[in-house]
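Take a look at this one; I'll ask things after.
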């Protein structure tokens, strides 16, 4: 493994899913309840400290199967949608980080406004 490859996945050591059963994130597509399995994996990703890095990794490495960065919706054909997802994810993570600040915090208000406009979260 090259130094670039190691740096590219260094974030994984801080991932919430590290050590978890990969079956959670890569359910068999032949299963009848694959959608609920995807939702279970997406819920697992919630609150992960490296969720944005994971999503960026999936996009950069053309991952089209499994749940990465809190979503199972990766596709080469929808690159713009994937980029938009990552941008919303970054804003959502930042909003959650700022959530502990008073509602009057200017940065929190700006992020909340953008997220509302993009229908990313209900604030």
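Residues that are modelled with pLDDT of 80 or more and within 25 Å of residue 114 (Cβ to Cβ): does region 19-41 have at least one?
no
I need a count of the residues in region 44-88 that are within 19 Å of residue 13 (Cα to Cα) and not assigned by TED's automatic domain parsing to the domain that holds residue 15.
Matching residues across region 44-88 total 0.
How many residues are surrounded by fewer than 19 Cβ atoms within 10 Å (Cβ to Cβ), under 14 Å from the mean Cα position of the chain (by Cα) and farther than 28 Å from residue 99 by Cα when one looks only at region 66-78?
Qualifying residue count, region 66-78: 1.
Here is a check on your reading of the model: is residue 63 closer than 21 Å to residue 40 by Cα and either in contact with a helix residue (DSSP H, G or I) (Cβ under 8 Å, 6 or more places away or on another chain) or in a helix (DSSP H, G or I) (or both)? Even if it seems obvious, please write down each step before you answer.
On the way: closer than 21 Å to residue 40 by Cα: yes; either in contact with a helix residue (DSSP H, G or I) (Cβ under 8 Å, 6 or more places away or on another chain) or in a helix (DSSP H, G or I) (or both): yes.
Yes, satisfied.
How many residues does region 40-57 contain that are over 18 Å from residue 91 (Cβ atoms), surrounded by 13 or more Cβ atoms within 10 Å (Cβ to Cβ) and either within 9 Å of the chain's Cα centre (by Cα) or free of Cβ contacts under 8 Å to residues at least 24 places away in the same chain (or both)? Steps first, answer last, please.
At the first step, the residues of region 40-57 found to be over 18 Å from residue 91 (Cβ atoms) are 40-41, 43-44, 57.
So of that shortlist, the ones also surrounded by 13 or more Cβ atoms within 10 Å (Cβ to Cβ) come out as 40-41, 44, 57.
Narrowing the set further to residues that are either within 9 Å of the chain's Cα centre (by Cα) or free of Cβ contacts under 8 Å to residues at least 24 places away in the same chain (or both) leaves 40.
Residues flagged as over 18 Å from residue 91 (Cβ atoms), surrounded by 13 or more Cβ atoms within 10 Å (Cβ to Cβ) and either within 9 Å of the chain's Cα centre (by Cα) or free of Cβ contacts under 8 Å to residues at least 24 places away in the same chain (or both) within region 40-57 amount to 1.
Which condition breaks for residue 54 when tested against (1) touching a strand residue (DSSP E or B) at 6+ places or on another chain (Cβ under 8 Å); (2) farther than 21 Å from residue 117 by Cα; (3) modelled with pLDDT under 90?
(3)
Looking at (1) outside any helix (DSSP H, G or I); (2) exposed (fewer than 15 other Cβ atoms within 10 Å of the Cβ), find the lone condition where residue 81 falls short.
Only one criterion is unmet by residue 81, namely (1).
The values are calculated or read from the model by the stated rules, or taken from the named source; none is laboratory data. Note that the structure is predicted; figures quoted are calculated from it, not measured. Reconstructed Cβ throughout: ideal geometry from the backbone, glycine too, with neighbour counts over all protein chains shown.
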